[in-house]
Amino acid sequence: MPSDSLVDSLGTWRRSHYSGDLVSVPPGQEVTVFGIIASIRNQGRITFVILLDSQGLVQITIGNDADEALQKRFGELKEFSYIGVRGIPKKFPKAPGGVEIVPSQIKLLARPKTTPPFGLFSKQVPNLETRMDMRSIDLRRPAVQEIFRIRHDLLNNMRAYLSGNGYLEVTSPKIISSATEGGAALFPILYFDKEGFLAQSPQVYKEQLVGAFEKVYEIGPIFRAEESRTMRHLAETTSVDLEEAFVTFEDVMSTLESLLVSAVSAVQKKHTLPKNKLSTDGRFTKITYSDALNVLDKDGAHLDWGDDIAFTSLKVLETRIKSPYFITHWPTSTKAFYIKPLEDKPEMSESFDLICGSLELASGGTRIDSREFLEQRLSEKGLNPRAFEYHLKSFDYAMPPHAGFGLGLDRLMMTLTGQENIREVVLFPRDQGRLAP
Ligand code: AMO
């Protein structure tokens, strides 16, 4: 096996402490720390190495009075090397974390053949494309990692809220046999000898599951063959989907609002977030689709009733309506086949989108719960009811009235972290131009 003669093996060394634990180590106790070298500074007779681990930074200090072999080992270190250090931590207020380690032993565990075009703490970094091409290295930067620690906490808090309120977490198939959100944005795949698709949403499964479990949610990937290259669309993104029996769109709007207020405020207690429009304890604004069109009209941004409210129009509404806000009662023609029209005005539907700034974060509604009506709506939408037989069958055996929503997790993360490009909040983003890494 080819090996780098300068590199040590891990052997029996194991971590005794993370950087963040060092301040509370009793005086004189030896520790073993591991991490990646963020910087090396040589100041005449002393060399300072700043080591980064998953909890923070620790300074390793070596003077020219140290053991010669150890000094030589130090001389061989480069930024981005992974090392292990044994030594006794000492309080040193000027060092990051207030502690430094004067090492007694060091292991160089891996060293880079080449260093990236940025440091772990660089303010100047290459453009997004270059960073995404080397994303696993980009992710070693603590500023980037913070986004994913926020995401982790956001997900934990959303799960806690939903599970605490009686929703069952489910996982539905991602390889499916028919479109749910309209045929255009589907990824076809070869599934053995049949044509299959990547799921655009868990829509039909979450609906089928409320017949059994009443309250379900799913956090998982959705796939959209988006042709448009925008800063807010990906071909693979994560959605938080919820579905509930015996409620309407009004009820799930309240649930979405409470979920967001609860999860965002919990995340805010732990992380410093940029000022964002979701940090509110108040109720979210509600405006009907027709009223939104009136607001646009007054601004000279007329839309015909029945038009979709596109991003450019949302930009206008952003200046007029306090975010976050729901646009309710969309024209039935703009919505998917499963959204229920109003009984007395069937051209309008029991539906909503949640908007924050100019970004659509979520959409949802009351669902149609009769098979015949679903068949009619599928045909009106140019979809073949026969392709949905597996779904329609549930309705033959009766389905409770139900409603739900899909919340775009990555768009929510953009809002929370103040990122303008959705790619920044996804570990390995997928878009029309990118299938790797
Ligand atoms: P919709 O298609 O509106 O609704 O999707 C729900 C939410 O998912 C996010 N989203 C996306 N985010 C990034 N890139 C994309 N390409 C992308 N597509 C969607 C948006 C959007 O609001 N089944 C319904 C939901 C429901 O009624 O329960 C649905 O999928 O934030």
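Would you mind working out the accessible area per residue for the chain, using a 1.4 Å probe, and quoting it in Å²?
Details: 21230 Å² over 437 residues.
Computed with neighbouring chains in place, this is 49 Å² per residue.
Pick out, from Ala336, Phe192, Gly357, the residue whose Cα sits farthest towards the positive end of the charge dipole of the chain, with +1 on the Cβ of Lys and Arg and -1 on the Cβ of Asp and Glu. Result: Gly357.
For the chain, report the % of Cα-Cα distances exceeding 28 Å. If you can, show how the numbers build up before the last one.
Working: 56565 of 95266 pairs.
Distances greater than 28 Å cover 59 percent of the Cα pairs.
The portion of the accessible surface of the stretch 19-110 made up by carbon and sulfur, rounded to a whole percent, is 52 (1.4 Å probe; DNA, RNA and ligands excluded).
Across the stretch 211-329, the volume of the C-alpha convex hull divided among the residues equals 167 Å³ per residue.
Restricting the chymotrypsin sites (Phe, Trp or Tyr not before Pro) of the stretch 121-208 to loop positions (DSSP other than H, G, I, E, B) with no more than 12 neighbouring Cβ atoms within 10 Å leaves Phe192.
Within 9 Å, Cβ to Cβ, of Ser363, how many net charges do the neighbouring residues add up to if Lys/Arg are +1 and Asp/Glu are -1?
Spelling it out: positives minus negatives among the neighbours equals -1.
Length gained on full extension, Ser54 to Glu129: 24.4 nm, using 0.36 nm per residue less the C-alpha separation.
Do any trypsin sites (Lys or Arg not before Pro) in the stretch 1-62 lie in a loop, going by DSSP, with at most 15 other beta-carbon atoms within 10 Å of their beta carbon, and if so which?
On the way: sites: Arg14, Arg15, Arg41, Arg45; in loops: Arg14, Arg15, Arg45.
Here the trypsin sites (Lys or Arg not before Pro) that fit, given the DSSP loop and packing criteria, are Arg14, Arg15, Arg45.
For the pair the stretch 17-74 and the stretch 393-410, the centres of their Cα atoms are 56 angstrom apart.
When the P(r) of the stretch 93-251 is calculated, the portion above 25 Å amounts to 57% of the C-alpha pairs.
Taking the Cβ of Gly56 as the centre, find all other residues whose Cβ is under 13 Å away and add up their charges (Lys, Arg: +1; Asp, Glu: -1). Mind dumping the intermediate values first?
Values: positive: Arg149; negative: Asp21, Asp53, Glu146.
Spelling it out: positives minus negatives among the neighbours equals -2.
Between Rg and the Kirkwood Rh of the stretch 319-365, both from Cα atoms, what is the Rg to Rh ratio? Ratio value, two decimals: 1.03.
Need the C-alpha centroid separation for the stretch 301-369 versus the stretch 106-137, integer Å. A separation of 43 Å, based on Cα centres.
Compared with the alpha-carbon gap, the fully stretched path from Asp251 to Ile189 is longer by 18.6 nm at 0.36 nm per residue. With all protein chains in place and a 1.4 Å probe, the accessible surface of the stretch 130-205 carries 57 percent carbon and sulfur. A cut-off under 10 angstrom between Cβ atoms defines the neighbours of Ile36, and their net charge, with Lys, Arg +1 and Asp, Glu -1, is -1.
Over the stretch 324-397, all Cα pairs binned in 5 Å intervals from 0 give whole-percent P(r) values of 3, 17, 23, 20, 16, 12, 6, 2, 0, listed from short to long. In order along the stretch 115-127, the Karplus-derived 3J(HN,Hα) couplings, from 6.51 cos²θ - 1.76 cosθ + 1.60 at θ = phi - 60°, round to 9, x, x, 7, x, 5, 10, 4, 7, 8, 10, x, 5 Hz, and Gly and Pro are given as x.
From the convex hull of the Cα coordinates of the stretch 19-110, what is the mean projected area in square nanometres? Mind showing how you got there, number by number?
Details: hull surface 21.3 nm².
Projected area, direction-averaged: 5.3 nm².
So which of Lys174/Lys381; Lys174/Lys270; Lys123/Lys269; Lys113/Lys270; Lys174/Lys345; Lys206/Lys345 end up more than 29 Å apart by C-alpha? Each step should come with its number before you reach the end.
Details: Lys174/Lys381 23 Å; Lys174/Lys270 33 Å; Lys123/Lys269 26 Å; Lys113/Lys270 37 Å; Lys174/Lys345 35 Å; Lys206/Lys345 27 Å.
Table pairs above 29 Å Cα-Cα are Lys174/Lys270; Lys113/Lys270; Lys174/Lys345.
With both labels modelled 7 Å from their Cα along Cα-to-Cβ, the Glu360 to Ser122 distance reads 3.8 nm.
The alpha-carbon atoms of the stretch 295-437, seen along their principal axes, cover 47, 47, 26 angstrom, with the largest extent given first.
For the stretch 175-265, the list of trypsin sites (Lys or Arg not before Pro) that fall in a loop by DSSP and count at most 12 other C-beta atoms within 10 angstrom reads Arg229.
The values are calculated or read from the model by the stated rules, or taken from the named source; none is laboratory data. A quick note: this is a predicted structure, and the numbers were derived from the prediction, not measured. Here Cβ is always computed from backbone atoms with ideal geometry, including for glycine, and neighbour counts include all displayed protein chains. Note: accessible area is taken over every heavy atom of the protein model, side chains too, but ligands, DNA and RNA are not part of it. Shrake-Rupley method; radii C 1.70, N 1.55, O 1.52, S 1.80 Å.
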